[in-house]
Amino acid sequence: MIIIGEKINGTIPKVGRAIAEKDEAYIRELAIKQTEAGANYIDVCAGTAEDIEVETLTWLMGIVQDAVDTPLCIDSPNPRMIEAVFKHAKRPGIINSVSEEGDKPEVIYPLIEGTDWQVIALTCDNRGIPTDVQTRVDITKSLVEKAAKYNITPDRIHVDPLVMALSADNSSMLTFIESMTKIKELYPTIKITSGLSNISFSMPLRKTINATFLTLAIYAGMDSAIMDPLDRDLMAALLATEALMGRDRFCRKFSTAYRKNKIGPKKK
Ligand code: THG
């Protein structure tokens with residue numbers, strides 16, 4: 001499983017405050033802690049007004065790249081912001097994201113043509129987020145075909161089928177899994193990703209729902225997740241799932257995480 005650490009996001013109140021106060025140490029600490037917890041990429045999202053988004057993203061990227069070697073996942077709904085900060089990235093990471101909204105593919109794809117960058121492709125368009133599987137598959141096809149024009153192969157694309165809240169749509173996870181299965185039938189080397197928190201929106205015990213979703217989604221073939229690697233129970237669920245699926249020889253990763261006090265009851 002590819003872990004994209006979500007903690008450096010200005011929409012989280014504490015992080016928003018750290019950004020407003022230019023608290024470099026707080027952001028630095030989040031980059032280091034997430035890396036130590038096993039994050040493969042560090043998501044950076046300014047979550048600020050557009051007039052200071054480029055400045056904020058550039059500041060966040062500088063701190064993270066100074067603190068750790070973990071590659072970035074540059075997160076902005078506005079492709080022009082990503083275009084503006086792209087040059088500040090020291091090594092290839094992930095662009096979060098492209099979709100069929102507006103001219104996103106035409107802005108994002110040329111940026112990463114001929115590089116080792118990967119991209120998250122959201123299955124939405126100007127009409128919004130589809131409710132059905134087929135529209136998600138159709139949008140994926142269109143985004144993969146446009147990517148091919150820039151020599152971006154499916155193995156560099158993480159499709160995010162945008163899971164809906166389970167409380168609003170009781171088949172939400174099943175739709176996610178069916179979309180994943182159909183998309184992988186078409187493009188066997190493509191990656192599927194998801195944020196974990198959307199599924200549990202407006203439900204009690206959100207963390208339990210998120211961890212159970214993660215477990216089932218990994219079993220069904222999900223390749224990466226935008227998640228909180230500092231959540232010990234979530235990481236325990238992830239490592240247990242990987243071990244149970246035969247991806248952890250001698251359960252070494254699971255045992256090491258336990259021994260290093262990264263999962264299970266916290267020892268001082
Ligand atoms: N797909 C893609 N990108 C995304 C999302 C997605 N980027 C933004 C978001 N969704 C994922 N990032 C976050 C970041 C923080 C939180 C949720 C999603 C969050 N954090 C709280 C905190 O850290 O304090 C609570 C964490 C917890 O208790 O679990 O809520 O879907 N492509």
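The values are calculated or read from the model by the stated rules, or taken from the named source; none is laboratory data. Note that the structure is predicted; figures quoted are calculated from it, not measured. Ideal geometry is used to build each Cβ from the backbone, glycine not excepted, and the neighbour counts take in all protein chains shown. Note: accessible area is taken over every heavy atom of the protein model, side chains too, but ligands, DNA and RNA are not part of it. Shrake-Rupley method; radii C 1.70, N 1.55, O 1.52, S 1.80 Å.
Looking at the chain, do any whole DSSP H helices span at least 30 angstrom along their long axis by alpha carbon and average -1.0 or above on Kyte-Doolittle, and which?
none
Each residue of the range 155-168 was assigned a 3J(HN,Hα) from its phi angle through the Karplus expression (A = 6.51, B = -1.76, C = 1.60, θ = phi - 60°), giving 5, 9, 10, 9, 7, 10, x, 6, 5, 8, 5, 5, 5, 8 Hz with x at Gly and Pro. Among Lys7/Lys146; Lys207/Lys253; Lys33/Lys90; Lys182/Lys253; Lys22/Lys260; Lys207/Lys262, which pairs are too far apart, with a Cα-Cα distance over 24 Å? Too far apart for the 24 Å limit: Lys7/Lys146; Lys182/Lys253; Lys22/Lys260.
Applied to the range 42-49, the Karplus parametrisation 6.51 cos²θ - 1.76 cosθ + 1.60 on θ = phi - 60° returns per-residue 3J(HN,Hα) values of 10, 6, 10, 9, 6, x, 10, 5 Hz, with x for Gly and Pro. Taking only alpha carbon atoms, the range 90-136 gives an Rg to Rh ratio of 1.05, where Rh is the Kirkwood radius.
For the range 118-268, the share of alpha carbon pairs falling in successive 10 Å distance bins from zero is 11, 36, 32, 17, 4, 0 percent.
Divide by every residue of the chain the summed helix terms, -39500 (n - 2.57) for each DSSP H run of at least 4, and state the resulting mean residue ellipticity at 222 nm, rounded to the nearest 500 deg cm²/dmol. List each step's numbers first, then the result.
Working: 10 runs with 118 residues, N = 268.
Estimated from H runs of four or more residues: -13500 deg cm²/dmol.
Please give me, ordered by residue number, the GluC sites (Glu not before Pro) of the range 1-90 that lie in loop per DSSP and have at most 10 other Cβ atoms within 10 Å.
When the GluC sites (Glu not before Pro) of the range 1-90 are filtered for loop state and at most 10 Cβ neighbours within 10 Å, Glu21 remain.
Rolling a 1.4 Å probe over the protein heavy atoms gives the range 166-268 an accessible area of 57 Å² per residue.
Kirkwood radius for the chain, taken over all pairs of different Cα atoms as the inverse mean of 1/r, rounds to 19.0 Å. Bridges between two residues of the range 33-146, per DSSP, are antiparallel at a rate of about 10%. On the chain, 55 percent of the accessible area sits on carbon and sulfur atoms, based on a 1.4 Å probe.
The relative contact order of the chain comes to 16 percent, based on Cα pairs under 8 Å that sit 6 or more residues apart. Protein-only accessible surface at a 1.4 angstrom probe places the residues Thr35, Thr70 in the order Thr35, Thr70, largest first. Please report the antiparallel percentage of the DSSP beta bridges confined to the chain, to the nearest 5. Counting only bridges with both partners in the chain, antiparallel ones make up about 5 percent.
What area, in nm² and to one decimal, does the C-alpha convex hull of the range 175-263 cast on average over all directions?
6.2
DSSP finds beta bridges in the range 110-268, and of those with both partners inside it, around 10 percent are antiparallel. Accessible surface comparison of Arg80, Arg259, probe 1.4 Å, protein chains only, largest first: the order is Arg259, Arg80. The alpha carbon convex hull volume per residue for the range 1-139 rounds to 124 Å³.
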